[in-house]
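**Q** I have a structure here, written as structure tokens, and I will follow up with some questions on it.
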Amino acid sequence: MNTEQKIQNLEAAISHILSGLGIQKPLVVIDKPSDFEFGDVVCNVAMRYSKELGKPPMELAEFITEALKESELSYLEKTEIATPGFINVTFSAEFYRDLIKEILSLGNNYGKNDDLAGQKWVIEHTSPNPNKAMHLGHLRNNLVGMGLVRLLKANGAEVISDAIDNNRGIAIAKLMWGYLSLMRKDQSTEISIDKWIEDKTAWYTPEEKSMLPDVFVTECYVHAGEEIKKDQSVEGIIREMVVQWEAGDKKVHELWSFVLTYAYEGMERTLNRLGSYWDNVWHEHEHYQEGKSYVELGLEKGIFKKLEDGAVLTDLEEKYGIPDTILLKKDGTSLYITQDIALTAKKRDKFSADRLLWVIGPEQSLAMKQLFAVCEQLGIGEVSDYSHVSYGYVGLKDDDGGFKKMSSRAGTVLLIDDLIDTVKEKIKAQAKVSDVDNSEQLAIGAVKFSLLKADRTQEIVFDPDQSVEISGASGIYVMYTYARILSVLSKGENVSDSFSADLTTGGDLRKILMFYPEIIKRSQKDLSVHHIAQYLLDLSSAFNSWYGNETLVDGSEKEAYRLALAKAVAVTIKNGLEILGIETLDRV
RNA sequence: GCGCCUGUGGUGAAAUGGAUAUCACAGCGGUCUUCGGAACCGUUAUUCUGGGUUCGAGUCCUGGCAGGCGCACCA
């Protein structure tokens, strides 16, 4: 019998007692107490059912406690009641001996469950615009998305990580024109595609400018925006490029794929550095026309209405209680939602998905609801299959401490790579051990942890100097704890499965270990990995506190137990960090 | 105007309706620098506001205040 079953049996026993008193299907939950001084776990049923049974909570608690003593649950050491009606349970030393053995034998699988087994989830996240380098906003989206990918896998689901590459339209045309204009080696060279086709060496490459490709691309894009402001005719030229691109003009397409190559190169570099990936990327140019047929279908079925000017409008007001929106422009061209309808159908088709998630900023909240409702009307799944996983804005700290929205155009962005590099320098500066250089992994761990430890809906005002903590409640603290444990384990001789159970040292620590699987389930329920980050801080802190007050390796017969407990902590930290996408280091 | 989100010590955050609201930073005061001091221990200080539901409310409902976002042919 494993720990989970033991706890379930305790729930069942209490449930049975309540049934005996006449409660139909009682809801019994075994919880973590607010303080381990009360007990190892707590149950609140006496208060919950006091009224229904017409008994004071304390009396009911007393009754349940007495009845539990009759049960066959040998791993209960003590059951006590406390005002106003809590039932506090303490487990035996054997219970914890078994828990530690269980963790050590499960290893990498400790905490995983199969609650979502057989389900297929598709998570869309980090959909980048290939005209700008990725900044802090993309980083949060990416970390939330990748965290969910790993979390849902740990809960047994099959997960597809995907994204849309918004690789066409006016923004990309701006990038193309901006490149032709800004990156000429000689300002007398004509800004023309023909000229560029003729002699590409007349334009700079990122290498020649000593720039990273994504930064190179951003400059071109920003430059185009500035030129449009100065000269109205530029916008006309750029719009003409979009028309030519749609018409399939070969030269325009050549320039298009050329500049995109730079953009992709830059993004790939950054994402590799983060250890993020997609299983599938949808390129907008491949599907942007496909939504129109769904709109036609909806018109035939009478789900949508055509306005006088030819645009198509939804009908959501009455059935869904949300505002209507345009699905097709009066000129017959598509909008984001038009494409998203087609894409949602494609996702379901290609992956036979059960659940689809969109990790997107909160400003898209209404648009998401509209998309889900329209899909349901069209018979593409049901609203309940879809979720918008929103997250709070990430802004930079203003001079007066306020929130400053990032803008590529205004140049007020913090790029992912720059952030990691800054943190890396900070870590190097305070490094105490110099024989290994793990600053890259530490910096990435610190950055990820700092963005994931808060609830994803929290808005973040980012201060580059302070927001990524490298001490205190930080990723480094957890990584350090892990390395410290490995070091201790290497010093001890007695790392084995045969340790005695009659030891009470490290009490809180082993109690915390017991709750890890529940944290994984709660994170799944809330679709947020911050519970895991918070848990790891708790666990690390409990370990360091224990470590600070007790010598682990002393050659005594207690050593084997202590080292087994320490090892179980290491296993749990590693598993938790893995979901956060943070690599553990043997040495820090 | 309507809708959605947010409001917790000086700062940043946590808290499946549960016990005395937890943690980090900053401040103040400490720790045989023996198993890794990137650590440990102590200390000061917090739920925007009025009402309600509940045995119990930071959490749920409702009125206000403050901030953010969204509301049809942009992407």
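**Q** Given the range A:290-333, what whole percent of its Cα pairs are spread farther than 14 Å? Provide the component values of the computation, followed by the final result.
**A** Values: 433 of 946 pairs.
So the pairs more than 14 Å apart make up 46 percent of the total in the range A:290-333.
**Q** Calculate the spin-label point distance for residue A:383 paired with residue A:553, positioning each point 7 Å from the Cα along the beta-carbon direction, and give it in nanometres.
**A** With each label point 7 Å from Cα toward Cβ, the separation is 6.1 nm.
**Q** Stretch residue A:469-residue A:38 to full length: gain in nm at 0.36 nm per residue minus the Cα-Cα span?
**A** On the way: separation 431, 0.36 × 431 = 155.16 nm, distance 3.32 nm.
Gain in length upon complete extension: 151.8 nm.
**Q** For the range A:55-117 and the range A:142-181, what is the separation of their Cα centres, given in Å?
**A** Between the Cα centre of the range A:55-117 and that of the range A:142-181, the gap is 45 Å.
**Q** How far apart, in nanometres, would the label points at residue A:247 and residue A:19 be if each is projected 7 angstrom from Cα along the Cα-to-Cβ direction?
**A** Between residue A:247 and residue A:19, the label points sit 7.7 nm apart.
**Q** Hey, what number do you get for chain A at 222 nm if only DSSP H runs of n ≥ 4 count, each worth -39500 (n - 2.57), divided across all residues, to the nearest 500? Intermediate results must be reported in sequence, preceding the final value.
**A** Values: 22 runs with 306 residues, N = 588.
Dividing the helical sum by the residues of chain A leaves -17000 deg cm²/dmol.
**Q** Gain in length, residue A:197 to residue A:429, computed as 0.36 nm per residue apart minus the alpha-carbon separation, to one decimal in nm?
**A** Values: separation 232, 0.36 × 232 = 83.52 nm, distance 4.86 nm.
Full extension of this stretch gives 78.7 nm more.
**Q** Now, a different point. If I histogram all Cα-Cα distances within the range A:501-551 using bins 5 Å wide from 0, what percent of pairs lands in each bin?
**A** Pairs per bin, as whole percents: 4, 20, 25, 19, 14, 9, 6, 2.
**Q** Separate question: Between Rg and the Kirkwood Rh of the range A:170-280, both from Cα atoms, what is the Rg to Rh ratio? Could the numbers behind the result be given before it?
**A** Numbers: Rg = 14.5 Å, Rh = 14.6 Å.
Taking Rg over the Kirkwood Rh, I get 0.99.
**Q** How high is the FRET efficiency between residue A:313 and residue A:240 when r is their beta carbon distance and R₀ equals 35 Å, given to the nearest 0.05? Mind showing how you got there, number by number?
**A** Working: r = 30 Å, r/R0 = 0.86.
With R0 = 35 Å, the Cβ-Cβ based efficiency is 0.70.
**Q** Also, I was wondering about something else. Treating cross-link reach as a plain straight distance, find the lysines whose alpha-carbon is under 23 Å from the alpha-carbon of residue A:78, omitting any fewer than eight places away in the same chain.
**A** A:6, A:32, A:69, A:101, A:511
**Q** Based on alpha-carbon centroids, what's the gap between the range A:437-455 and the range A:317-333 in Å, whole number please?
**A** 42
**Q** Another question about this same structure. Give, rounded to the nearest 20 debye, the magnitude of the charge dipole that the range A:3-91 has about its Cα centre when Lys and Arg contribute +1 at Cβ and Asp and Glu contribute -1 at Cβ. Let's see the in-between values first.
**A** Numbers: 8 positive and 14 negative charges, 68 e Å.
Charge dipole of the range A:3-91: 320 debye, to the nearest 20.
**Q** If r is the Cβ-Cβ distance from residue A:545 to residue A:336 and R0 is 56 Å, what FRET efficiency results, to the nearest 0.05?
**A** Working: r = 51 Å, r/R0 = 0.92.
Efficiency, from the Cβ-Cβ distance: 0.65.
**Q** Kindly give Rg over Rh for chain A, based on alpha-carbon atoms, with the Kirkwood expression for the hydrodynamic radius.
**A** Details: Rg = 29.2 Å, Rh = 27.7 Å.
Taking Rg over the Kirkwood Rh, I get 1.05.
**Q** To the nearest 20 debye, what charge dipole does the range A:170-280 have about its Cα centre, counting +1 at the Cβ of each Lys and Arg and -1 at the Cβ of each Asp and Glu?
**A** Numbers: 13 positive and 20 negative charges, 34 e Å.
That gives the range A:170-280 a dipole magnitude of about 160 debye.
**Q** How would the range A:85-135 be classified by its alpha-carbon gyration tensor: rounded, prolate or oblate, with rounded meaning a/c under 1.5 and the a/b versus b/c comparison settling the rest? It would help to have the intermediate numbers written out before the result.
**A** Working: a/c = 2.83, a/b = 2.53, b/c = 1.12.
Prolate, since a/c reaches 1.5 and a/b exceeds b/c.
**Q** Further question: Would you mind ranking A:220, A:43 so that the residue whose beta carbon has the fewest other beta carbons within 10 Å leads the list? Walk me through the intermediate numbers first.
**A** Working: A:220 22, A:43 26.
Going from sparsest to densest Cβ surroundings: A:220, A:43.
**Q** Want the number for residue A:299 to residue A:8: 0.36 nm per residue separation, take away the alpha-carbon distance, what's left? Intermediate values should be presented prior to the final figure.
**A** Numbers: separation 291, 0.36 × 291 = 104.76 nm, distance 5.32 nm.
Gain on stretching residue A:299 to residue A:8: 99.4 nm.
**Q** Could you calculate the FRET efficiency of residue A:281 with residue A:59 from 1/(1 + (r/R0)^6), where r is the beta carbon distance between them and R0 is 60 Å, rounded to 0.05? Please report the intermediate quantities before stating the final value.
**A** Values: r = 63 Å, r/R0 = 1.05.
For residue A:281 and residue A:59, the calculated efficiency is 0.45.
**Q** Still on this structure: Tell me which GluC sites (Glu not before Pro) from the range A:497-588 have a DSSP coil assignment and no more than 12 other beta carbons within 10 Å of their own.
**A** Details: sites: A:518, A:550, A:557, A:559, A:578, A:583; in loops: A:550, A:557, A:583.
Sites meeting the loop and neighbour criteria: A:550, A:557.
**Q** With each label point set 7 Å from Cα along the Cα-Cβ vector, what nm distance links residue A:306 and residue A:525?
**A** Between residue A:306 and residue A:525, the simple spin-label model gives 5.1 nm.
Each reported figure results from applying straightforward, stated rules to the coordinates on display, with no laboratory input. What you see is a predicted model; the values in this text were computed from it and never measured. Don't worry about glycine lacking a Cβ; one is built from the backbone with ideal geometry, like all the others, and counts go over all protein chains shown.
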